[in-house]
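**Q** For reference, the structure I am asking about is given below.
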Amino acid sequence: MSIVTVQLGQCGNQIGREVFNAICSDVHGTHGLCSKKENESYRDACKERFFCEEETEVPVARAVLVDMEPKVISQTLSMAARSGYWKYDDRSRFCQKQGSGNNWANGYSVHGPRHKEVIMNLVQKEAEKCDRLGGFFTIMSMAGGTGSGLGAFVTQCLRDAFPTSFILNHVIWPYGTGEVIVQNYNSVLTLSHLYQSSDAILVHENDVIHKICSQLMNIKQISFRDVNQVIAHQLGSVFQPTYTAEGGLHYSRNPLGDLMETLVPHPEFKMLGLRNIPQMPENSLAYSTFSWPGLIKHLRQMLIANAKMEEGIDWQVQPPSRLLPPLQPFPNRPLHFNTSIANLVILRGKDTHGVDLGSFQDPSLYTSWLNPRDAFNAWKTPRAFNKYEKSASLVSNSQFLLKPLDNVVGKAWNMFASKAYIHQYTKFGIEEEDFLDSFTALEQVISSYTIL
């Protein structure tokens, strides 16, 4: 089954290009470390998923590019074409001359309705090129105006036009120190609207990726492109083909459906986080060896201590003991313990079949209303990913986002209480009532995750 990617705004288009680049360099690399037959079926599954072949022999990305300014899209198209390995379809793009001015309301209430028909026609054409449509993967930022506002509008249109297709929204969480004065408003409005129409929201935090670039990748002067490449690597580590069943003979046909079935057992809980290990500069790979038990041990501790990378993990945090009698509602739940609803571990590389993942089936990691056997899944492939002989990814539906979410909602509420910048939104038709609805929706999400 194929995935149609919808790249929205500057951030969405730049990350989208890096994702297709990462997928292509993985497929064309000679470092698969597996049999020729295995490599070919991996390659075929990947191409069906992300590209359509044209007469020119250069694979064309199954993507629609949308932005309210032309500059980034034209750069994105030409950089992809120059790679020689893949390209975008020139006709699958939509841009205008003026942006949304970092105003969510402008993207959602003005640009969205005005350009709905053209954008949805492009999406429809892309969907019709798929033999079997698996769903949509949207990439957007939450801080600005086009990615967030127009992105939320387009997601609603996708839900209306394709009621039975899966929609996974990938959102970039803004830097805590702030890029845009109204980013917290934009974030609250985006998340609350996506929660209504999306099947799941996969979150990358800019601050975390920045830290990975400096501490793990040893990059001195970090550019947006560096950040985007780390995000793309992590996304590729999830979306490239895998076997979803133990001893499966065929690569998974429905990646988005499998992801939802595995990780979203209840519509109240849609927030997914992603961790991937190891991550290091390419020139260090030759001098590094990794064992599966070591990688799994680190990945599990990253989960329970809510560490976003393998450096600086708090090894003191342990799961709560189920043996202690409860005195009050949550007495024996350690302060920083990250409770999960569902987890998916993806292993790529040699000797994956013998890896012991029993430690992820520990009932104390999970909420009490799900059987740990249902809450944990593992996908594997002997095919190595992007030069890493062994690599492991963890996609987790857990409390990982509680603190950042609480933070953003708190800051936005403080601004809202003093009516700061509200007039910028009301002039485009987003009223105070809409803000209150969004705050209420997110308070409900925070409360649901808190009481896990």
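The values are calculated or read from the model by the stated rules, or taken from the named source; none is laboratory data. What you see is a predicted model; the values in this text were computed from it and never measured. Positions of Cβ are generated from backbone atoms using ideal geometry, with glycine treated the same way; all protein chains shown enter the neighbour counts. Surface accessibility is based on the protein's heavy atoms, side chains included, excluding ligands, DNA and RNA. Shrake-Rupley method; radii C 1.70, N 1.55, O 1.52, S 1.80 Å.
**Q** Does residue 358 count as more than 22 Å from the chain's Cα centre (by Cα), more than 20 Å from residue 202 (Cβ to Cβ), open to solvent by less than 60 Å² (accessible area, probe 1.4 Å) and not hydrophobic (A, V, I, L, M, F, W, C)?
**A** yes
**Q** Within region 379-390, does at least one residue satisfy the condition of being basic (Lys, Arg), in contact with a His (Cβ under 8 Å, 6 or more places away or on another chain) and surrounded by 14 or more Cβ atoms within 10 Å (Cβ to Cβ)?
**A** Yes.
**Q** Let me ask something additional. Please go through region 282-322 and give me each residue that is open to solvent by 70 Å² or more (accessible area, probe 1.4 Å), of a type in the set (S, T, N, Q) and part of a loop (DSSP other than H, G, I, E, B), ordered by number.
**A** 289, 316, 318
**Q** Then there's this: Among the candidates 122, 189, single out the residue that is touching a residue at least 40 places away in the same chain (Cβ under 8 Å), in a helix (DSSP H, G or I) and over 28 Å from residue 424 (Cβ atoms). Write out each step before concluding.
**A** Values: 189 fails: over 28 Å from residue 424 (Cβ atoms).
So the residue among 122, 189 that is touching a residue at least 40 places away in the same chain (Cβ under 8 Å), in a helix (DSSP H, G or I) and over 28 Å from residue 424 (Cβ atoms) is 122.
**Q** Take residue 54 and tell me if it is in the same structural domain as residue 119 (by the TED database) and part of a helix (DSSP H, G or I).
**A** No.
**Q** Here are some residues: 226, 207. Which one is open to solvent by less than 50 Å² (accessible area, probe 1.4 Å) and at negative phi?
**A** Selected residue: 226, the only one of 226, 207 that is open to solvent by less than 50 Å² (accessible area, probe 1.4 Å) and at negative phi.
**Q** Hey, can you tell me all the residues within region 57-70 that are surrounded by fewer than 18 Cβ atoms within 10 Å (Cβ to Cβ), free of Cβ contacts under 8 Å to residues at least 40 places away in the same chain and part of a loop (DSSP other than H, G, I, E, B)?
**A** 57, 58
**Q** Quick one: what pairs do we get from region 154-171, first residue under 13 Å from residue 117 (Cα atoms), second small (Gly, Ala, Ser) and assigned to a loop (DSSP other than H, G, I, E, B), C-beta under 8 Å, 6+ apart or different chains?
**A** 158/165
**Q** Search region 206-231 for residues that are without any contact (Cβ under 8 Å) to a residue 40 or more places away in the chain and pair each with any residue that is surrounded by fewer than 14 Cβ atoms within 10 Å (Cβ to Cβ) when their beta-carbon atoms are under 6 Å apart and the residues are at least 6 apart or on different chains.
**A** Sorted first by the residue in region 206-231, then by its partner, the pairs are 207/176.
**Q** What about residue 135, is it in contact with a helix residue (DSSP H, G or I) (Cβ under 7 Å, 6 or more places away or on another chain), at pLDDT below 95 and under 24 Å from residue 60 (Cα atoms)?
**A** Spelling it out, it is not the case that residue 135 is in contact with a helix residue (DSSP H, G or I) (Cβ under 7 Å, 6 or more places away or on another chain), at pLDDT below 95 and under 24 Å from residue 60 (Cα atoms).
**Q** Please work out if residue 105 is open to solvent by less than 20 Å² (accessible area, probe 1.4 Å) and either over 18 Å from residue 20 (Cα atoms) or not assigned by the TED database to the domain that holds residue 50 (or both).
**A** Taking the combined requirement at face value, the residue satisfies it.
**Q** What's the number of the only condition in (1) open to solvent by 20 Å² or more (accessible area, probe 1.4 Å); (2) part of a helix (DSSP H, G or I) that residue 112 fails to meet?
**A** It fails just one condition, (1).
**Q** Now for a different question. Taking region 252-280 on its own, how many of its residues are open to solvent by 20 Å² or more (accessible area, probe 1.4 Å), in contact (Cβ under 8 Å) with a residue 12 or more places away in the chain and over 15 Å from residue 343 (Cα atoms)?
**A** 4
**Q** Does residue 107 satisfy the criteria of being at pLDDT below 95 and on the phi > 0 side of the Ramachandran plot?
**A** No; evaluated as a whole, the condition is false for this residue.
**Q** Between a residue in region 427-439 that is under 12 Å from residue 192 (Cβ atoms) and any residue that is open to solvent by 70 Å² or more (accessible area, probe 1.4 Å), which pairs come within a Cβ distance under 9 Å, given they are 6 or more apart or on different chains?
**A** Sorted first by the residue in region 427-439, then by its partner, the pairs are 439/413.
**Q** Give the residue, chosen from 81, 152, that is closer than 21 Å to residue 14 by Cα, open to solvent by 10 Å² or more (accessible area, probe 1.4 Å) and part of a helix (DSSP H, G or I).
**A** Sole residue among the options that is closer than 21 Å to residue 14 by Cα, open to solvent by 10 Å² or more (accessible area, probe 1.4 Å) and part of a helix (DSSP H, G or I): 81.
**Q** Of the conditions (1) open to solvent by 30 Å² or more (accessible area, probe 1.4 Å); (2) outside any helix (DSSP H, G or I), residue 171 fails just one. Which one is it?
**A** All conditions are met except number (1).
**Q** Sticking with this one: List every residue pair whose Cβ atoms lie under 9 Å apart, where the two residues are 6 or more positions apart in sequence or sit on different chains, the first residue falls within region 351-363 and is free of Cβ contacts under 8 Å to residues at least 60 places away in the same chain, and the second residue, located anywhere, is assigned to a helix (DSSP H, G or I) and among the aliphatic types (A, V, I, L, M).
**A** 361/375; 363/375
**Q** Which one is surrounded by the most Cβ atoms within 10 Å (Cβ to Cβ), of the residues in region 6-36 that are aliphatic (A, V, I, L, M) and modelled with pLDDT of 90 or more?
**A** Only one residue tops the list, namely 8.
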